Amino acid sequence: MREIYKKIFVILFCFFFILVPLLPDVQISRPKLLGIEIISFLLLTVYIIFLIFENKVLYPKNKVFILMIMFLLYVLLRYFFFSDKVFAYNEVKRWLLSFWLLYLISILGSENYEILITFFIIGSFLSVLYGLLQHTGGFYRIQVPKFDRVMSMFGNPIFFAAHIINFSPLVFGRFLLSKKFFNKIIYLTIFIVSLITLYYTKTRAAFIGLFTAILMFVYLLLSKEQKIKYLVSLSILFLIFVWLTKNIWLRQQAHFLIWRDSLKMWYSKPFFGIGPGKFHIEFVNFASEELRKIWPEKQCIINDAHNEYVQLLVENGIFGFTLFLLWLVFFFRFVIKLIKNLDVKKFRFAYELKIIISSLLCAAIAVLVQNFFSVDLRFVISNVYLFITLGFIFGYTSEIEEKNLFFTTPVVKIAALCIFLFLLGIFSYSAKQKTLSFISLLHFTKDGVKIQINDVGSGLLQQILRPYIAHYKLKQEKDFFDEKILNVANTIKELEELKQKYPNKAVIYEKLAWVYAKERDFQKAVENYLVAIKLNPNSYSAYNNLGNIMFLTGDRQKAVEFYKKSIEINPNQIDARLNLGILYYYEGKLNLAAEQFNKVLELDPNNEKAIVYLKKMRE
């Protein structure tokens, strides 16, 4: 039965390696991330069933693995005892996904790795071919969007570059190990095409990462006499490459200024940091005027430190950063020592194992070095693939231990399975009332009336799908101005007559103003809203809608005043808080925007607009 489970895991991973690189990575909707999460969910489901019916847990016997678990526990503790869980959630998710896939890969056994790495290479190379087509605009009758910096299906050339340098060393390792001439030609072709495509990403950090990986490959595999010759030659070639591509290297991105201001932020809370996922919220308070001149606040959002390790330090403090660094240092120390101790002269398989482990290690090094100049690991796709690579290394270098569990009888097994399915949310559905009280960018209310619909939640699966469902529902909403009133002239005429008949009824003025706003007659809309407020100073919906009109007509300062007045009258309303948060978002004041969106989620945990805008801030 264990072999059957392993085959299921291998099939799911093969599907993962082919599908994920080819899924588009579109901001907010993120099909690629959804693919990763759904397949990881399926792997977890099968694994729990395996635990229950096999009554054993497997794990790599390696002290470094324990250090990694300690770091993960720290991340989880920070999440559960950290007040801003909305921001910390994405950080916890990327670490949980990454460690989960690393662990599962590590226990599958090296006998399954050849087919897994083959599918890893095939899926990645298909994405490389599409990226190459983006440079030319297509081939023959195949037409694709043309880009100056190619990105394939990764949504960003930097993420794509990180993926290329993560799988290229594996291809080169296969090239060295292949005995058949045809196979060597295939792998060499894949490697060269990948390097060409990497060049077209124009990602400097990836160039440095791959060059460092090549130097490490030379250090691990060549004799002492050969090392110096190759290291010097490669360094000269790299310097020539830098000179020939100096237009790429001289591109201004103000990295040093961002690092400096980020370290100022870390110094404000040095021990435990500002909190996971909060960099983009807090950085606005530390950005220097020198940096703002290059990246103006209202035009650009600096949502990361452009250095994974600086950002890790800032968000998790010296304690979390030390734990991360500790397992990383011990991991590389362990693997390099193992490679050096392999006796390739005595055993043929030792030579093959040395190349395999070296190629995997260099793939990891390439990505880790790239992240000195970017934060690709903040985005799940890069982090997951790095940890899958580390999982292969653990599998090749560690013995697998087994521990018995307590699922000893059929009754206990069935009970455990039922509890698991219940907790997973497959059989538990709870209907919740929620408010879809926004239309397009701004929420205009009509007498404060809200439309109520039922929403179905489903445990862990619902948590995975939540941001994607929110984005989909938002896309279905019609713009406030798209929904027209039938027979506008008669409606206005009737309301004007009612206004004359009942001059002291605030609700009539508010309804009339709402109709004028629909027709973009903002002057008359404002006039009627002001009368409505004069007659009913507690009309928070009128203040909210006045704020919307000020926002649309460009008077953002006045809009803030009206939104705040609306919130002051009714602190538990959602509409004005959403609109104020959106305004702050477009002003680049992410800390203030996040404050409003968090309050909205306290009032309505499933509010699509708040969920999507918090996601947009990060992306």
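The values are calculated or read from the model by the stated rules, or taken from the named source; none is laboratory data. Note that the coordinates shown come from a computational prediction; the quantities given were computed from them, not determined experimentally. Every residue, glycine among them, receives a Cβ derived from its backbone with ideal geometry; neighbour counts consider all protein chains shown.
Of ALA542, ALA576, ALA610, ALA594, all but one fail to be under 23 Å from ILE492 (Cα atoms), buried (at least 24 other Cβ atoms within 10 Å of the Cβ) and either without any contact (Cβ under 8 Å) to a residue 12 or more places away in the chain or outside the structural domain of ASP84 (by TED's automatic domain parsing) (or both); the exception is ALA542. Condition first: within 30 Å of GLU315 (Cβ to Cβ), in contact with a Leu (Cβ under 6 Å, 6 or more places away or on another chain) and not small (Gly, Ala, Ser). Can you find one or more residues in the stretch 235-257 that meet it? Within the stretch 235-257, one or more residues are within 30 Å of GLU315 (Cβ to Cβ), in contact with a Leu (Cβ under 6 Å, 6 or more places away or on another chain) and not small (Gly, Ala, Ser).
State yes or no: is ILE274 touching a Leu at 6+ places or on another chain (Cβ under 7 Å) and either under 30 Å from ASN598 (Cβ atoms) or surrounded by fewer than 14 Cβ atoms within 10 Å (Cβ to Cβ) (or both)? When the stated conditions are applied, ILE274 does not pass them.
Count of the stretch 19-37 residues, restricted to those that are modelled with pLDDT of 90 or more and of a type in the set (Val, Ile, Thr), is 2.
Taken residue by residue, the stretch 307-317 has no member that is surrounded by 12 or more Cβ atoms within 10 Å (Cβ to Cβ), of a type in the set (Phe, Trp, Tyr), touching a helix residue (DSSP H, G or I) at 6+ places or on another chain (Cβ under 7 Å) and at pLDDT 85 or above.
Conditions tested, residue by residue: (1) at positive phi; (2) assigned by TED's automatic domain parsing to the domain that holds MET70; (3) touching a residue at least 12 places away in the same chain (Cβ under 8 Å).
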{"position": "ASP261", "(1), (2), (3)": "no, yes, yes"}
{"position": "LYS264", "(1), (2), (3)": "no, yes, yes"}
{"position": "TYR267", "(1), (2), (3)": "no, yes, no"}
{"position": "GLY273", "(1), (2), (3)": "yes, yes, yes"}
{"position": "ASN285", "(1), (2), (3)": "no, yes, yes"}
{"position": "ARG292", "(1), (2), (3)": "no, yes, no"}
{"position": "CYS300", "(1), (2), (3)": "no, yes, yes"}
{"position": "GLN311", "(1), (2), (3)": "no, yes, yes"}
{"position": "PHE319", "(1), (2), (3)": "no, yes, yes"}
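Might you let me know whether the stretch 95-113 holds any residue that is among the charged types (D, E, K, R), over 18 Å from the mean Cα position of the chain (by Cα) and closer than 27 Å to ILE8 by Cα? Yes, because at least one residue in the stretch 95-113 is among the charged types (D, E, K, R), over 18 Å from the mean Cα position of the chain (by Cα) and closer than 27 Å to ILE8 by Cα. Is it the case, given these coordinates, that LYS346 is outside any helix (DSSP H, G or I), modelled with pLDDT under 90, more than 30 Å from GLU315 (Cβ to Cβ) and not hydrophobic (A, V, I, L, M, F, W, C)? Yes. Filtering VAL92, VAL75, VAL86 for residues that are crowded, with 17+ Cβ neighbours inside 10 Å and farther than 26 Å from LEU12 by Cβ leaves a single hit, VAL86.
Within the stretch 30-42, residues that are not small (Gly, Ala, Ser) sit with their Cβ atoms under 6 Å from residues that are not in a helix (DSSP H, G or I), at 6+ positions apart or across chains, in these pairs: PRO31/LEU23; PRO31/PRO24; LYS32/LEU23; LYS32/ASP25. The criterion of being modelled with pLDDT under 90 and either under 22 Å from the mean Cα position of the chain (by Cα) or part of a helix (DSSP H, G or I) (or both) does not hold for PHE16.
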